[in-house]
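One structure is given here, and the rest of the page talks about it.
The values are calculated or read from the model by the stated rules, or taken from the named source; none is laboratory data. No experiment lies behind these values; they were computed from the predicted model shown. Every residue, glycine as well, gets a Cβ built from its backbone with ideal geometry; the counts of neighbours run over all protein chains shown.
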Amino acid sequence: MAKRKLQLGRPAALPASPGKAVLDRVANPHPGTNYVARFTAPEFTTLCPITGQPDFAHLVIDYVPRRFLVESKSLKFYLASFRNHGAFHEDCTVAIGKKLFALLKPKWLRIGGYWYPRGGMPIDVFWQAGKLPAGVWVPDQGVAPYRGRG
C-alpha cells in the first residue's frame, strides 16, 4: 500500500465536511522531551444543527506529544471543514479533541472551546485525555470569560 502524501507543500481543497477532512501527522523531532504544543483557532465557525445559524468559538488545543505532531495545514483545513457542518458546541469540541487524540496518541491533550453567545448564553466546553507528565509547564489558555459589553 502506497503512503499517502501530506497536504503540506501542495495545493489542497477545503474539505466539504469534518468526515471528509484528513488530518496529517509528522514525526516529533523531540520524542524524548516533554513539552506542550498549542494551537489556537480564534475564529472557529460551525452551524447550529437546528436553526442553521452560524456559531463561533475560540478554540485552544494543548498537547504533550509522543511520536507525532499534528501537521498545521491539515489541522487548519480540518477545522475549516466545520463551517458548513451542523453540530452542537459540545459535539464539535469533544469530537475535535477525540480525533486528535486518536491520531496522535499524545501523552496528554486538552481542548477548550470558548463559544460566543447566541441567545444570550455563552457555552464553554472542555475535554482532556491522557496524563500530563509531572513538571510540564502548561500555561493558562488565556481566554477571558465572556463579559458582554462591560
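Which one is farthest from residue 119 (Cα to Cα), of the residues in the range 46-104 that are part of a helix (DSSP H, G or I) and of a type in the set (Val, Ile, Thr)?
The residue in question is 96.
Please state which one of 40, 46 is within 23 Å of residue 146 (Cα to Cα), in contact with an Asp or Glu (Cβ under 6 Å, 6 or more places away or on another chain) and not aliphatic (A, V, I, L, M).
Step by step, each of 40, 46 is checked, and only 46 is within 23 Å of residue 146 (Cα to Cα), in contact with an Asp or Glu (Cβ under 6 Å, 6 or more places away or on another chain) and not aliphatic (A, V, I, L, M).
When only residues in the range 70-90 that are without any contact (Cβ under 8 Å) to a residue 60 or more places away in the chain and within 19 Å of residue 127 (Cα to Cα) count, which is surrounded by the fewest Cβ atoms within 10 Å (Cβ to Cβ)?
90
Take the range 108-124 and flag every residue that is modelled with pLDDT of 95 or more and either of a type in the set (Asp, Glu) or surrounded by fewer than 16 Cβ atoms within 10 Å (Cβ to Cβ) (or both).
Scanning the range 108-124 gives a single hit, 124.
Can you work out which of the residues in the range 23-45 that are more than 16 Å from the chain's Cα centre (by Cα) and not in a loop (DSSP other than H, G, I, E, B) is surrounded by the fewest Cβ atoms within 10 Å (Cβ to Cβ)?
So, considering only residues that are more than 16 Å from the chain's Cα centre (by Cα) and not in a loop (DSSP other than H, G, I, E, B), the one surrounded by the fewest Cβ atoms within 10 Å (Cβ to Cβ) is 27.
Considering only the range 9-22, I want to know if a residue exists there that is in contact with a strand residue (DSSP E or B) (Cβ under 8 Å, 6 or more places away or on another chain), surrounded by 11 or more Cβ atoms within 10 Å (Cβ to Cβ) and assigned to a loop (DSSP other than H, G, I, E, B).
no
Report, by residue number, each residue of the range 107-150 that is more than 16 Å from the chain's Cα centre (by Cα) and among the aliphatic types (A, V, I, L, M).
121, 123, 132, 134, 136, 138, 144
Which residues, counting only those in the range 46-65, are surrounded by 14 or more Cβ atoms within 10 Å (Cβ to Cβ) and either within 14 Å of the chain's Cα centre (by Cα) or over 17 Å from residue 81 (Cα atoms) (or both)?
Scanning the range 46-65 gives 46, 56, 57, 58, 59, 60, 61, 62, 63, 64, 65.
From the list 137, 127, which residue is hydrophobic (A, V, I, L, M, F, W, C), buried (at least 17 other Cβ atoms within 10 Å of the Cβ) and either touching a Lys or Arg at 6+ places or on another chain (Cβ under 8 Å) or assigned to a loop (DSSP other than H, G, I, E, B) (or both)?
127
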